[in-house]
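K.L.:
One structure follows; several queries about it will come next.
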Amino acid sequence: MKIFKEYLKDKRVLITGHTGFKGSWLSIWLKMLGAEVIGYSLEPNTKRDNFVVTNLEKKVIHNIGDVRDHQNLFKIFSNYKPEIVFHLAAQPLVSDSYKFPLNTFQTNLIGSINLMEVVRFLPHVRSLVMITSDKCYQNKEILRGYKENDILGGNDPYSASKATAEIAFNSYSKSFFSKNKKIGLATARAGNVIGGGDWSKDRLMPDCVRAIIKKKNLIIRNPVATRPWQHVLEPVSGYLLLGKKLYKEPKFFSGSWNFGPPTNSTKSVREVAKIVLKIIDKNKKFKIFIKKGNFKESTLLKLNSNKANKKLKWKTRWPMTKSIEETAIWYDCYLNKKDIKKITLNQINRYFNTN
């Protein structure tokens, strides 16, 4: 915490997608570390989003805008002159990518290109971390976990949009930034991120909580599918660390980075649902039912994070079970109308104090 504070104090940090799930957690953490946070994003999706319930709008410089709007994006960058940029704005759902493929590609690919196009003309940016997804890899469901130099791809529109964003990033890095020694640029790949304040559809944690709110049994699509679940603070800590390294040593740390739990650490959808219900559904009123989904999902998808472990000295701090439990605790506190801002800050402090 001390190292991050010394580096980030009073620095101007711009986050696209700051109203979103990961973006809101990153914004809160940066404010704790003394950074001046400038947000650029669409409006929050619901009044229950982490951005809303933690009252972040009053804590950051809050700008509503679309990353597809190049002119407005350029204006924001020109006005605030950020030194560090985290690009998280995205259409994040596989299911929506089937319904709205054009919007998905426009947001995830063209939006990312717009950002890089803005950054290349503005000299004040020193560090850029573009968050993509573990789904940017051509998924062959291999056991060893995907490495940063594995083949990119994607059968569904969401995965393809993230893969093409990675390709565009590589092109811009080599074509326009390779001779600029003052800026570090990297992509960060993570997936199956859980944590409080995520209310997206077709995601296990929000589905569990919504079932309880609606007093209905939980329906899951693929109970045997295994995922390397990780708390949102795990990859966000990686983004922060990577941003710092890019700022200090841009040439050495530029590139692509995976942030995921150990490859031997997974739990099935059914196992996770049982842990969540045990914490939130204390009276055991609800049961789990299985209903096949209407779109194809991967059964297995893992990342190999050896590069981040060795070169960034990054590692996961919370075991998978604790990550699931901390997430369930956040939602349980929300359902019981406790001080969510306090709960969120406490979780960040507990995470930092974990060896």
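K.L.:
As a quick test, which of the pairs K216/K282; K59/K182; K5/K310; K302/K322; K9/K59; K147/K341 have an alpha carbon distance above 25 angstrom in this structure? If you can, show how the numbers build up before the last one.
P.N.:
Numbers: K216/K282 15 Å; K59/K182 30 Å; K5/K310 23 Å; K302/K322 19 Å; K9/K59 15 Å; K147/K341 36 Å.
K59/K182; K147/K341, as the Cα separations exceed 25 Å there.
K.L.:
Amide H to amide H, which residues 5 or more places from W314 or on other chains are under 5 Å from it, using H placed in the peptide plane?
P.N.:
Excluding prolines and chain starts, which carry no amide H, the hits are N309.
K.L.:
While we're here: Report Rg/Rh for the chain, rounded to two decimals, where Rg is the Cα radius of gyration and Rh the Kirkwood radius. Could you put the intermediate results ahead of the total?
P.N.:
Working: Rg = 19.2 Å, Rh = 20.4 Å.
That ratio equals 0.94.
K.L.:
Need one number: nm distance between label points at N353 and Y98, each 7 Å from Cα along Cα→Cβ, rounded to one decimal.
P.N.:
Calculated label separation equals 4.5 nm.
K.L.:
Near the amide H of G255, under 5 Å away, which other amide H atoms are found, from residues 5 or more places off or on another chain, if H is placed in the peptide plane?
P.N.:
Sorted by chain and number, the residues that satisfy this are L185, A186, T187.
K.L.:
Counting only complete DSSP H runs, which helices of the chain cover 24 Å or more along their long axis at the Cα atoms and score a mean Kyte-Doolittle of 1.0 or above?
P.N.:
Both cut-offs are met by no helix.
K.L.:
Moving to a separate point now. Let me see the P(r) profile for the range 97-136: every Cα-Cα distance counted, bins of 5 Å, each bin given as a percent of all pairs.
P.N.:
In order of increasing distance, the bins hold 6, 19, 24, 21, 15, 9, 5, 1 percent.
K.L.:
Take D202 and K315, extend 7 Å from each Cα along the Cα→Cβ direction, and tell me the distance between the two endpoints in nm.
P.N.:
Result: 3.7 nm between the two label points.
K.L.:
Taking θ as phi - 60°, what are the ³J(HN,Hα) couplings along the range 41-46 by the Karplus curve (6.51, -1.76, 1.60), each to the nearest whole Hz, with x for Gly and Pro?
P.N.:
Ordered by residue, 3J(HN,Hα) equals 6, 6, 4, x, 6, 9 Hz.
K.L.:
Hey, another quick one. Determine one quarter of the surface area of the Cα convex hull of the range 69-173, which equals its mean projected area, and express it in nm² to one decimal.
P.N.:
Values: hull surface 28.2 nm².
Spelled out: convex hull of the Cα atoms, projected over all directions, averaged, 7.1 nm².
K.L.:
A follow-up question, please. The range 143-176 to the range 58-127: how many Å between their Cα centroids?
P.N.:
For the range 143-176 versus the range 58-127, the Cα centre distance is 18 Å.
K.L.:
Collect residues whose amide H, placed 1.01 Å from N in the peptide plane, falls under 5 Å from the amide H of L152; neighbours closer than 5 in sequence don't count.
P.N.:
Q138
K.L.:
At 7 Å along Cα-to-Cβ for each site, give me the label-to-label distance between E43 and H70 in nm.
P.N.:
Label at E43, label at H70, 2.8 nm between them.
K.L.:
Using the Karplus curve 6.51 cos²θ - 1.76 cosθ + 1.60 with θ = phi - 60°, what ³J(HN,Hα) values do you get for each residue of the range 138-150, in whole Hz, with x for Gly and Pro?
P.N.:
Calculated HN-Hα couplings, in order: 5, 7, 10, 6, 7, 7, 6, x, 6, 9, 4, 9, 6 Hz.
K.L.:
Another one. Say R0 is 41 Å: what FRET efficiency, to the nearest 0.05, do R270 and E57 get from their beta-carbon distance?
P.N.:
Details: r = 38 Å, r/R0 = 0.92.
The value I calculate is 0.65.
K.L.:
To continue, here is another question. What 222 nm value per residue comes from the helices of the chain, counting each DSSP H run with n ≥ 4 as -39,500 (n - 2.57) and dividing by all residues, nearest 500 deg cm²/dmol? Walk me through the numbers on the way to the answer.
P.N.:
Numbers: 14 runs with 141 residues, N = 355.
Dividing the helical sum by the residues of the chain leaves -11500 deg cm²/dmol.
All of the numbers you see were taken from the coordinates with simple rules; none came from a lab. Keep in mind that what you see is a predicted model, and the values were worked out from it rather than measured. Cβ coordinates were reconstructed from backbone atoms using ideal geometry, including for glycine residues, and neighbour counts include every protein chain displayed.
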